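Data block below; observations after.
The values are calculated or read from the model by the stated rules, or taken from the named source; none is laboratory data. These figures come from a predicted structure and were not determined experimentally. Cβ: placed from backbone, ideal geometry, glycine included. Neighbour counts: every protein chain shown. Each accessible area value is taken on the protein alone, full model and side chains, heavy atoms only, with ligands, DNA and RNA left out. Shrake-Rupley method; radii C 1.70, N 1.55, O 1.52, S 1.80 Å.
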Amino acid sequence: MKITFLGTSSGLPTKERNVSGIALRFDQSSDWMLFDCGEATQHQLLKTPYSLPKLSHIFITHLHGDHCFGLFGLLATRSLNNAQEPISIIGPVGIKKLLESVFKITQTHLRFEIDINEIDFQNTKFEIPQAHIEAIPLEHSIPSYAFVIQENEKPGKFKVELAKEKGIPSGPIYGKLKRGEKVMLPNGEILNGNDFIGEPITGRKIIIAGDNKTPDLLLPYLKNCNLLIHEANYTEKVKALVKDDFFHSTARDVAIVAQKSRIPNLILTHFSARFSLEYSRARKFSIDDVLQEALAEYSGNCFLAKDLETFNINRNGDIERK
Ligand SMILES: [Zn+2]
């Protein structure tokens with residue numbers, strides 16, 4: 001499974017960071033999914049291997065502009081790319097009206113169907129071919145969600161050694177046993193395919209969270225989770241300087257929850273523009289402060305996302321920065 005950060009800045013773009021967008025592709029799949037679509041997400045995609053016609057699902061965490069203003073241009077370009085395959089869009093209530101209004105007023109006619117699913121109390125669970133995805137409500141100034149992505153189980157491995165012990169030659173019988181079918185050997189012995197298949201392999205579980213003031217809300221879902229991707233808009237020092245309540249988390253808030261739940265991997269993103277290089281040069285704030293603050297609370301693998309950076313999550317859930 002690969003995850004590429006298309007934008008890691010909160011609110012507004014900086015020279016180094018665009019606004020929110022995350023691409024996710026499962027192994028052996030040419031289709032991919034997008035989580036949030038800030039303005040200019042389509043420009044960022046031009047610098048990656050992800051192609052718009054292969055985009056199958058878009059999940060929007062919340063309807064603040066830095067998470068959804070890129071939708072209109074991206075969908076219009078997908079149409080100009082001659083994409084015919086339908087696309088599913090999942091997001092908070094209001095997303096249907098937003099898209100329909102913009103396309104009506106701008107007379108944009110897409111060449112593909114859009115299936116829009118609005119998240120509400122009854123509608124929180126979504127199936128994609130490779131996984132089950134659940135939307136969890138967070139605390140923000142407007143409805144905001146985290147997406148819990150639970151990959152489907154894979155069938156257990158075929159026990160070749162056991163088949164060899166039984167004297168079964170490799171060939172069509174192997175195929176039947178692998179499918180769990182019953183097979184009669186020439187000596188009359190009946191074999192049950194299920195005895196030749198190991199335990200099912202649990203799928204990977206990751207959480208991609210939207211803007212959120214209370215990371216504790218995710219605690220019930222972090223069990224057996226391989227990776228949490230969460231905003232860290234501020235450090236405690238910056239939060240103290242910002243008078244208004246912006247309904248965001250500090251690196252410390254998120255790190256405490258990550259430590260409590262003992263998840264092995266944490267990627268922080270959605271950083272305030274105060275951590276941009278220009279500010280860093282003036283020595284006011286440094287992006288390194290965010291990492292140091294998180295590491296003071298969390299002993300797992302902690303990464304700060306950068307634009308256009310890809311992480312590989314292998315079958316065991318281990319993470320490698322590409
Ligand atoms: Zn935001």
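Any chance segment 178-197 includes a residue that's at pLDDT 90 or above, surrounded by 16 or more Cβ atoms within 10 Å (Cβ to Cβ), away from the ligand (no atom under 16 Å from the Cβ) and under 23 Å from LEU291 (Cα atoms)?
Within segment 178-197, not a single residue is at pLDDT 90 or above, surrounded by 16 or more Cβ atoms within 10 Å (Cβ to Cβ), away from the ligand (no atom under 16 Å from the Cβ) and under 23 Å from LEU291 (Cα atoms).
Name the single residue that is surrounded by the most Cβ atoms within 10 Å (Cβ to Cβ) among those in segment 61-97 being within 16 Å of the ligand (Cβ to nearest atom) and among the aliphatic types (A, V, I, L, M).
LEU71
Of all residues in segment 87-109, count the ones that are in contact with a strand residue (DSSP E or B) (Cβ under 6 Å, 6 or more places away or on another chain) and in a loop (DSSP other than H, G, I, E, B).
The number of residues fulfilling the criteria is 1.
Mind telling me which of the residues THR48, THR77, THR14 ends up being among the β-branched types (Val, Ile, Thr) and at pLDDT below 95?
The match here is THR14.
Mind checking which residues of segment 19-29 are polar (S, T, N, Q) and surrounded by fewer than 24 Cβ atoms within 10 Å (Cβ to Cβ)?
Selection gives GLN28, SER29.
Conditions tested, residue by residue: (1) within 30 Å of ILE142 (Cβ to Cβ); (2) open to solvent by less than 60 Å² (accessible area, probe 1.4 Å); (3) of a type in the set (Ser, Thr, Tyr).
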{"site": "GLU231", "(1), (2), (3)": "yes, yes, no"}
{"site": "VAL254", "(1), (2), (3)": "yes, yes, no"}
{"site": "ALA258", "(1), (2), (3)": "yes, yes, no"}
{"site": "THR269", "(1), (2), (3)": "yes, yes, yes"}
{"site": "SER286", "(1), (2), (3)": "no, yes, yes"}
{"site": "TYR298", "(1), (2), (3)": "yes, yes, yes"}
{"site": "PHE303", "(1), (2), (3)": "yes, yes, no"}
{"site": "ASN312", "(1), (2), (3)": "no, yes, no"}
{"site": "ASP318", "(1), (2), (3)": "no, no, no"}
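Quick check: is even one residue across segment 198-206 of a type outside the set (A, V, I, L, M) and within 16 Å of the ligand (Cβ to nearest atom)?
no
The conditions are (1) farther than 19 Å from GLY210 by Cβ; (2) more than 16 Å from the chain's Cα centre (by Cα); (3) open to solvent by less than 50 Å² (accessible area, probe 1.4 Å), and TRP32 fails exactly one of them. Which is it?
(2) is the only condition that TRP32 fails.
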